[in-house]
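The values are calculated or read from the model by the stated rules, or taken from the named source; none is laboratory data. This one's a predicted model, so the numbers in the text were calculated from it and none came from an experiment. Cβ: placed from backbone, ideal geometry, glycine included. Neighbour counts: every protein chain shown.
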């Protein structure tokens, strides 16, 4: 995430690149990685799941901070709500990838990234 955050360019492009790049790397690792991730998630202790969720929320909050500060992200919706929507979408995509062999992770990541970037963009005045 930090690598994408440091790239030059508009926040919306970085946001889409984050979704697309992560999905691409996960897809390239193949079914073994998907199965391993599924086992890890299913055997995780509840406190580990909470810790993981908190780390994910913090990572996305930090990533999105640049968009908030630059004015690229709308300010008419509570920041925590936007972060929750992004984390929920991210989690849902990877859960689907774990559970469904034919889940089109890259395609959904690109679509979701573009949709979220457009939805979060500050409306034109």
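Observations on the model:
- Candidates 101, 62 - the one that is assigned to a loop (DSSP other than H, G, I, E, B) and either out of contact with any strand residue (DSSP E or B) (no Cβ under 9 Å at 6 or more places or on another chain) or at pLDDT below 95 (or both): 101
- You will find that of 114, 55, 74, the residue that is touching a helix residue (DSSP H, G or I) at 6+ places or on another chain (Cβ under 7 Å) and closer than 19 Å to residue 22 by Cβ is 114 and no other.
- Taken over the range 17-33, the criterion of being in a helix (DSSP H, G or I) and over 25 Å from residue 116 (Cα atoms) is satisfied by 29, 31, 32, 33.
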